[in-house]
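The values are calculated or read from the model by the stated rules, or taken from the named source; none is laboratory data. Since we're looking at a predicted model, the values are computed, not measured. A quick note on method: Cβ atoms are made from the backbone with ideal geometry, for glycine too, and the neighbour counts reach across all protein chains shown. We work out accessible area using only protein heavy atoms, side chains counted, and drop any ligands, DNA or RNA first. Shrake-Rupley method; radii C 1.70, N 1.55, O 1.52, S 1.80 Å.
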Amino acid sequence: MPEVVETAPGIRIQDPALHPIAEKVLDGRRLSLEDGNVLYRTPDIHAVCRLADVVRRRLHGRLAYYNINRHINYSNVCALSCSFCAFHRKRGQEGAYEMTVEEVRDAAVGAAEAGATEIHLVGGLHPWFKFDHYTTMLSTIREAAPSLHLKAFTAVEIVHLQRISKRGRDGLAGTMAVLADLHEAGLGSLPGGGAEVFDDRAHDTAWRGKIRGDQWLDVHRAAHELGLNSNATMLYGHVEGRRERLVHMDLLRRQQDHTLRNWAGTQGIATRPDTPDGEAGVLLTGPSDAYPGERLPMPGQAGLDTGYFQTIIPLPFFPDESGLERLPGPTGMENLRTLAIARLMLDNIPHAKTFWIMQTLGMSQLMLDAGADDLDGTVVWYDITHVGGSGTHQETTSNDLRRAAIEAGCIPVERDTLYRRVKRNGADWSLVDDSAAPPDVSPSIT
Ligand code: V47
């Protein structure tokens with residue numbers, strides 16, 4: 001039996017290979033890709049989860065965020081044929097659908113009347129919709145349901161919109177122009193979809209024809225420069241390997257460093273020269289005494305003039321009905337480990353989300369103890385994956401989410417899309433003034 005070492009109260013480590021990593025986490029130093037490899041290889045998965053929980057508690061105490069939202073997939077007709085995707089159809093193919101602007105509006109109004117704060121609006125790359133169809137979709141929802149935050153269009157759709165609006169050759173300026181038009185029409189933030197895994201080999205094997213990782217990152221950089229926040233996903237457990245996942249995390253981390261570096265400098269938040277590439281990294285997950293103010297302000301406040309990545313969302317691959325049905329997909333332990341490693345590696349992204357639709361609510365409860373602080377939302381309609389043969393209607397109530405969080409030893413907190421706290425009375429809601437009553441996020445380790 002290997003010696004069990006207690007590095008900090010409650011963190012029992014059996015695998016000596018984890019000791020230097022535990023030291024780094026406790027000191028608030030950045031983990032290298034090699035550290036990530038060790039975290040993937042160690043049999044001591046429980047220690048990995050405990051370390052991720054240290055970071056989670058530093059940032060969020062025992063708070064578990066959720067939101068009341070509705071996903072609207074406006075069409076599954078897609079010019080692409082990614083082999084991992086069971087959602088896409090060709091026009092006229094059985095199961096293909098397109099919602100009209102009025103249908104999208106009605107779904108959004110129904111969601112607002114039921115108390116939703118957010119619409120998550122995405123779809124396939126429709127071959128015939130014109131650019132103004134997308135701006136009309138946003139402005140129509142905004143007019144009919146102004147209280148809703150519109151988190152819409154993955155980076156893949158944004159590049160498609162850039163092409164169909166004849167700005168495909170304008171590079172980053174064209175992306176900014178498209179995003180500015182969408183923002184003007186009501187776009188509030190970008191979802192994290194379409195990232196898959198930033199690796200050209202995996203890209204060419206399973207989603208050739210779709211944008212590559214560098215383009216995905218460019219779109220999010222443009223959104224951040226415009227002051228919009230966004231999320232980042234990582235689809236894993238298909239044709240990629242663990243090394244590619246770690247590189248994906250590192251690329252996100254570098255981009256977030258780049259985004260936050262100036263702001264961190266103005267705030268006196270330490271940038272650490274000890275990142276593996278020697279560049280100054282902005283770590284938000286160190287001990288609170290080392291990093292006062294690790295909670296990021298809203299874009300436009302407290303000297304922060306850009307948007308940023310709010311949350312990392314690891315998405316486990318579902319082989320069913322996809323072109324990669326022969327693959328087994330990741331197991332529960334791999335999902336737990338990947339979530340914990342994402343929390344540890346992405347030391348400058350404030351939130352880690354377990355999308356319960358894909359992870360299941362039961363696994364998500366375990367993940368709240370292994371790095372995750374966000375369960376996503378009430379969702380209602382979800383077309384892209386169906387867990388265990390469930391239908392399109394996948395709904396859980398806010399009570400279900402709250403109960404799941406409490407059972408996991410957390411304090412459930414309803415948030416809006418930008419992680420501001422929500423005060424609710426049935427379908428009516430308003431934002432809580434955090435400056436009046438900041439949430440208790442005391443970083444105790446129990
Ligand atoms: O981009 C597609 C993935 C993503 C499969 O930003 C699959 O808050 C598993 O991005 N198995 C869409 N995954 C979902 C998404 C998302 C979800 C929740 C919240 C947010 C957010 C974003 O689903 C796609 C793709 O990467 N996907 N097919 C599949 N067979």
Residues in segment 384-401: is at least one of a type in the set (Val, Ile, Thr), surrounded by fewer than 16 Cβ atoms within 10 Å (Cβ to Cβ), more than 10 Å from the ligand (Cβ to nearest atom) and at pLDDT 95 or above? no
In the set ALA79, ALA114, ALA64, the lone residue that is modelled with pLDDT under 95, closer than 25 Å to HIS351 by Cβ and of a type in the set (Gly, Ala, Ser) is ALA114
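To keep it simple, each residue is scored yes or no on (1) open to solvent by less than 10 Å² (accessible area, probe 1.4 Å); (2) assigned to a loop (DSSP other than H, G, I, E, B).
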residue: ILE141; (1), (2): yes, no
residue: SER147; (1), (2): no, yes
residue: LYS151; (1), (2): yes, no
residue: LEU161; (1), (2): yes, no
residue: ALA180; (1), (2): no, no
Could you give every pair whose Cβ atoms fall below 6 Å, whose first residue belongs to segment 79-97 and is among the hydrophobic types (A, V, I, L, M, F, W, C), and whose second residue is more than 13 Å from the ligand (Cβ to nearest atom), counting only separations of at least 6 or pairs across chains? ALA79/PRO127; LEU80/GLY209; ALA96/VAL77; ALA96/ARG89
So, in segment 187-224, exactly how many residues are more than 14 Å from the ligand (Cβ to nearest atom), of a type outside the set (A, V, I, L, M, F, W, C) and buried (at least 22 other Cβ atoms within 10 Å of the Cβ)? 1
Can you spot a residue in segment 56-66 that is within 13 Å of the ligand (Cβ to nearest atom) and in contact (Cβ under 8 Å) with a residue 12 or more places away in the chain? yes
Any residue that is of a type in the set (Gly, Ala, Ser), away from the ligand (no atom under 15 Å from the Cβ) and within 29 Å of SER83 (Cβ to Cβ) - is there at least one of those in segment 154-170? yes
Count - residues of segment 252-283 that are open to solvent by 60 Å² or more (accessible area, probe 1.4 Å) and modelled with pLDDT of 80 or more: 5
How many residues are farther than 14 Å from ALA64 by Cα and open to solvent by 10 Å² or more (accessible area, probe 1.4 Å) when one looks only at segment 345-362? 3
So ALA302 clears everything in (1) within 14 Å of the chain's Cα centre (by Cα); (2) among the hydrophobic types (A, V, I, L, M, F, W, C); (3) more than 14 Å from the ligand (Cβ to nearest atom) except one condition, right? Which one? (1)
When (1) at pLDDT 95 or above; (2) touching a helix residue (DSSP H, G or I) at 6+ places or on another chain (Cβ under 9 Å) are applied to GLY168, the one that fails is (1)
Failed condition for ILE119, given (1) assigned to a loop (DSSP other than H, G, I, E, B); (2) open to solvent by less than 60 Å² (accessible area, probe 1.4 Å), with all others met? (1)
